[in-house]
1. Taking the chain as the reference, fit the longest principal axis to its C-alpha atoms, fit the long axis of helix 266-283 to the helix C-alpha atoms, and give the angle between the two in degrees, 0 to 90, nearest 10.
2. State to the nearest 20 debye the size of the charge dipole of the chain about its Cα centre, where the only charges are +1 on K and R beta carbons and -1 on D and E beta carbons.
3. What figure in square angstrom, to the nearest 10, would you give for the accessible area of residue 329 with a 1.4 Å probe?
4. What fraction of the Cα pairs in the stretch 158-198, stated in percent, has a spacing above 12 angstrom?
5. Using a 1.4 angstrom probe, figure out how much accessible area the chain has per residue, in square angstrom, rounded to the nearest whole.
6. Could you work out the helix-only [θ] at 222 nm for the chain, with each DSSP H run of four or more residues adding -39,500 (n - 2.57) and the total divided by the number of residues, to the nearest 500 deg cm²/dmol?
7. Among 337-349, 173-185, how do they line up by average Cβ neighbours within 10 Å per residue, starting with the highest?
8. Work the Kirkwood hydrodynamic radius out for the stretch 237-298: mean of 1/r over every pair of different alpha-carbon atoms, inverted, in Å.
Amino acid sequence: MNNNNTRHIRLGEATERHRLQKLACMIGALLLICRTYGQVVYHDASEFPLLGKATTSGSRYERFPDSLERISRPVLWRLSRNSAGLAIRFRSNSTRIDLKWENLYNNRMNHMTDTGVRGLDLYCWKGKDGWRFVNSARPGGKSYNQATVIANMRPTEREYMLYLPLYDGLTSLQIGVDSLSYIGTPELDYPIRQKPVVFYGTSILQGGCASRPGMAHTNIISRRLNRECINLGFSGNGKLDLEVARIMAEIDAGVFVLDFVPNASVEQMKERMLTFYRIIRDKHPDTPIIFIEDPIFTHTRYDERIAEEVRKKNETLHGLFDHIKRELHDKRVTLISSRKMLGDDGEATVDGIHFTDVGMTRYADLVCPVIRKALK
């Protein structure tokens, strides 16, 4: 065979390879288009693990067991039905993620976004980069909410975490994926569920006033530590109710964080704090317990009455903490000063009290290293 014939054969083979490669690309593109514009199939979120719940009893998206309905103060019970801190874990190779949900109350507030109050927030695991925000699902009404959270993705398997509303509850939740994909339970045990961090506190701890659920500081801390966090924050009602301490004492926690001072009066602290502490400590003699001061709210620079109230509360907290540490000889307690919690620029709150996303991040910056050290 002469060189010209050999050259023609090689040229024909190269042309055929190029044609097949081009055909493969076209088929891949068509498949992606089919997946992207295919039918959305919905799956009930009850099929997937729920993180952040203090007890296995009770309705799925509520934070108290049903047994406390007649025991708790009515306002506390109602707040326990908010899904603050709860999250759904799943994995999928879908090119899109859609959601349908129904809120319990359809709550609205004049100082917090609807997305933070009753919306949802999707995150994706990115390996060494940790959990990364995908998008939020903005709510409409009470009985019917539907949103395409993300679309036009490559059909790659991903691990997801979906944060639930901070200041409302859910009666139903469905996750939609394209009809050619699958959705299943997570393969990664992230965030780590053994020895969760259990938080107790007030409206700020519940998530007021984060712009979206993922920006509540307990959720920020959970992502930074890659550790499950349980949010027992109750707006205006972190008043050291002892039934909450009994719920907390039943959790095999890695750390307990008590951040109740913004709500509890000096009298309530003197009356209940040591009993609240003992209920937890009797069940968990070696587990670290962290107390946090009342924040130095931004408007205390001008409101002298509030400034004096904060001073007296923190003074009372220090006195009780010193009693626990010195008289009860408890070496597993820590007290975090709030002096540097909100920074010096006055930009960390929405109303002088409740935290913006800036305030939430600064709180996490202050508290997260202490929790990390305690877990070790």
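The values are calculated or read from the model by the stated rules, or taken from the named source; none is laboratory data. Everything numeric in this text was worked out from a predicted model, so none of it was measured. Note that we place each Cβ from the backbone using ideal geometry, even for glycine, and neighbour counts take in every protein chain shown. Each accessible area value is taken on the protein alone, full model and side chains, heavy atoms only, with ligands, DNA and RNA left out. Shrake-Rupley method; radii C 1.70, N 1.55, O 1.52, S 1.80 Å.
1. The angle comes out near 60 degrees.
2. Numbers: 54 positive and 44 negative charges, 224 e Å.
Value, rounded to 20: 1080 debye.
3. Rounded to the nearest 10, that gives 140 Å².
4. Numbers: 613 of 820 pairs.
Of all Cα-Cα pairs in the stretch 158-198, 75 percent lie more than 12 Å apart.
5. Heavy-atom SASA per residue in the chain reads 47 Å².
6. Details: 9 runs with 123 residues, N = 376.
Estimated from H runs of four or more residues: -10500 deg cm²/dmol.
7. Working: 337-349: 15.0, 173-185: 17.9.
So the order, starting with the most tightly packed, is 173-185, 337-349.
8. Numbers: mean 1/r = 0.0825 Å⁻¹.
After inverting the pairwise mean of 1/r, the radius is 12.1 Å.
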